[in-house]
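Written out below as structure tokens is the structure these notes cover.
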Amino acid sequence: MAMREIRVTGDPVLRTVCDPIRDINDQVRTLVEDLLETVDYDGRAGLAANQIGVSLRAFSWNIDGEIGYILNPEIVERSTDLQELGDEGCLSVPGLWYPCERPSYTRAVGTDLAGNEVVIEGEEIWARLINHEVDHLDGHLYLDRLAKDVRKQAMRELRESLEG
């Protein structure tokens, strides 16, 4: 197990659609261990594999003391109701938080290392987490989901933070 370095905006792996995990092998088992150890550091909520430089469909979470992971997650249900705009942040966009609209409820299905079905679902923080992490696996950052005027401000502040 190893605590892994977080890739930040500008790294091409963050904009790459992650490959499905086809075989459970030592590489995948190590990836899961690293995701779990890295998400358990300093109150992190979620972590997608590409945020640690691995372009495979997996993510981990650390919400309300529950730490877990899912392989090959697929969102199977989203409410059409949206949450109140809530500030969202990202380990790959350090220090910048912006209001981002997300569904109020989301359910995803995937597997664990033994091939057993994993279902994660919920409202509020859980819905935000699932959508945020699956976006990562699809090569998107939460900045892509911001309202146009907020996105413009966010991109300006991001450039300034990267320059300084």
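Values quoted throughout were computed directly from the atomic coordinates according to the rules given, and no laboratory measurement underlies them. Since the model is a prediction, treat every value here as computed from it, not as a measurement. Please note: Cβ atoms are built from the backbone with ideal geometry, for glycine as well, and neighbour counts cover all protein chains shown.
Please give me, ordered by residue number, the trypsin sites (Lys or Arg not before Pro) of the stretch 5-38 that lie in loop per DSSP and have at most 12 other Cβ atoms within 10 Å. Write down the numbers at each step before the final one.
Details: sites: ARG7, ARG15, ARG22, ARG29; in loops: ARG7, ARG22.
Answer in residue order: ARG22.
Angle of helix 125-137 to the longest C-alpha principal axis of the chain, folded into 0 to 90 degrees and rounded to 10: 80°. Largest GNM mean-square fluctuation across LEU82, LEU31, LEU143, computed for the chain with C-alpha springs under 10 Å, falls on LEU82. Using only Cα atoms, tell me the angle between helix 26-39 and the longest principal axis of the chain; keep it within 0 to 90° and round to the nearest 10. Orientation of helix 26-39: about 40 degrees from the principal axis.
Tell me, in nm to one decimal, what length is gained between THR30 and ARG159 on full extension, where the rule is 0.36 nm per residue of separation less the Cα-Cα distance? It would help to have the intermediate numbers written out before the result.
Numbers: separation 129, 0.36 × 129 = 46.44 nm, distance 3.40 nm.
The THR30-ARG159 span can extend by a further 43.0 nm.
Taking every alpha-carbon pair within the stretch 12-163, the share separated by more than 23 Å comes to 34 percent.
May I ask you to work out the translational diffusion coefficient for the stretch 12-80 at 25 °C, viscosity 0.890 mPa s, via Stokes-Einstein with Rh from the Kirkwood sum over Cα pairs, reported in whole µm²/s? Mind showing how you got there, number by number?
Numbers: Rh = 12.6 Å.
The estimated diffusion coefficient comes to 194 µm²/s.
Quick one: if you take sqrt(5λ) for each eigenvalue of the C-alpha gyration tensor of the stretch 1-48, what semi-axes come out, biggest first, whole angstrom?
Working: eigenvalues 67, 60, 15 Å².
Calculated on Cα positions only, the semi-axes equal 18, 17, 9 Å.
Quote the relative contact order of the chain in percent (integer), defining contacts as alpha-carbon pairs under 8 Å separated by 6+ residues. Intermediate results must be reported in sequence, preceding the final value.
Details: 316 pairs, mean separation 36.4, N = 164.
Once divided by the residue count of the chain, the mean separation gives 22 percent.
Distance between the 7 Å Cα→Cβ label points at ASP149 and GLU37: 4.6 nm.
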